[in-house]
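Visitor: Please see the structure below; I have some questions.
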Amino acid sequence: RDIENYVDERMKSSSMTTVRYDLTALSLVLQYAERKEYITNIPKFPKLDVSTTNPRPSFTKEEWRKVTRRMSKRVIEGWGAHKRDRFILNQYCLILSNCGVRLGELRNLKWSDVRRETYEEDGNTVRIIILVKGKTGIREVVCNKGTEVFFERLYDNRKEELNAHPSPDTFVFCHQNGNPIKTMRKAFDSLLNDLNLKKNSMGKNRTLYSLRHMYATFRLSEEVSPYLLAKQMGTSVEMLEKHYGQVVNRLVATQITKTRSRQTVRVTEKVYPF
């Protein structure tokens, strides 16, 4: 019964895959304990329904507006190193929610992986392209319009700290000594607790990974092709269908009936520094 309670609690904040990994590791520990005669028998593990999904909880647009407003206010209220940490978290969350990459992919980003492209189509349209390295290999990710502002803030802040341009081989999200920031989980949890948004309506804990889930939900609601979105996020259409099946099916029907005239677009690339 204790293991069943553990699984029930874990499922509130973790994916099915994570729970399966946990139970596999726990099973190996218990098998070792039985061989050493530390325990007399191994308790029965509950059977998981692998056909079901347990996606990370997301944010509604109104909830996300509350988060972004509070993040900005906390930066203003901060001081010293505290203020710096809040500033970095603010830009990290804004960038993450506008590109949909995995946490580790963004955390390991270097300035050499960031470039700015200007598309001349009915005026100048700027897009940030980042090169991320994750569990599915290396891929280019196109950030939403406006994301260039968040990168500019980070670059200017680091330039001021160093009194020089950051080196291309240095981390975008780093401590003052240049070492990469390993995690921002506690700071993000503190922010959500401050807003009483740590749990969603189903009682599931929101985490930084919820921003990737939010990105996918928002982009699908804006009728972005599931095939392009899967490539952008480094996942598969099958995974999108698994988590957002009804939305994906509706969008596929919409996308295949769309037509668009061909246009010639001039692209100007520029790497950092701007």
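Visitor: If you go through the stretch 47-62, how many residues are modelled with pLDDT of 70 or more and surrounded by 12 or more Cβ atoms within 10 Å (Cβ to Cβ)?
Guide: Matching residues across the stretch 47-62 total 4.
Visitor: Name the residue that is farthest from the chain's Cα centre (by Cα), counting only residues in the stretch 119-156 that are exposed (fewer than 15 other Cβ atoms within 10 Å of the Cβ) and of a type in the set (S, T, N, Q).
Guide: Residue satisfying both the conditions and the ranking: N124.
Visitor: So which of S167, S201 is without any contact (Cβ under 8 Å) to a residue 12 or more places away in the chain and among the hydroxyl-bearing types (S, T, Y)?
Guide: Every option except S201 fails the conditions.
Visitor: Of the numbered conditions (1) touching a helix residue (DSSP H, G or I) at 6+ places or on another chain (Cβ under 7 Å); (2) closer than 20 Å to H213 by Cα; (3) hydrophobic (A, V, I, L, M, F, W, C); (4) open to solvent by 30 Å² or more (accessible area, probe 1.4 Å), L103 fails exactly one; give the number of that condition.
Guide: (1)
Visitor: Which of the numbered conditions does N124 fail, given that it passes all the others? Conditions: (1) within 20 Å of C93 (Cα to Cα); (2) touching a strand residue (DSSP E or B) at 6+ places or on another chain (Cβ under 6 Å).
Guide: (1)
Visitor: In the stretch 195-225, what count of residues is obtained for those that are in a helix (DSSP H, G or I) and either on the phi > 0 side of the Ramachandran plot or of a type in the set (D, E, K, R) (or both)?
Guide: Total satisfying the criteria: 2.
Visitor: Take the stretch 203-226 and flag every residue that is open to solvent by 20 Å² or more (accessible area, probe 1.4 Å) and in contact with a Phe, Trp or Tyr (Cβ under 6 Å, 6 or more places away or on another chain).
Guide: none
Visitor: Here are the criteria: (1) of a type in the set (K, R); (2) modelled with pLDDT of 85 or more; (3) over 24 Å from F173 (Cβ atoms). Tell me which single one R65 does not satisfy.
Guide: It fails just one condition, (3).
Visitor: Another question about this same structure. Please determine whether any residue of the stretch 149-172 is farther than 12 Å from Q91 by Cβ, of a type in the set (G, A, S) and touching a helix residue (DSSP H, G or I) at 6+ places or on another chain (Cβ under 8 Å).
Guide: Within the stretch 149-172, one or more residues are farther than 12 Å from Q91 by Cβ, of a type in the set (G, A, S) and touching a helix residue (DSSP H, G or I) at 6+ places or on another chain (Cβ under 8 Å).
Visitor: Still on this model: Any residue at all in the stretch 60-70 that is β-branched (V, I, T) and free of Cβ contacts under 8 Å to residues at least 12 places away in the same chain?
Guide: Checked against the condition, which is being β-branched (V, I, T) and free of Cβ contacts under 8 Å to residues at least 12 places away in the same chain, the stretch 60-70 yields at least one hit.
The values are calculated or read from the model by the stated rules, or taken from the named source; none is laboratory data. No experiment lies behind these values; they were computed from the predicted model shown. Every residue, glycine as well, gets a Cβ built from its backbone with ideal geometry; the counts of neighbours run over all protein chains shown. Accessible surface is based on the protein model in full, side chains and every heavy atom, while ligands, DNA and RNA are left aside. Shrake-Rupley method; radii C 1.70, N 1.55, O 1.52, S 1.80 Å.
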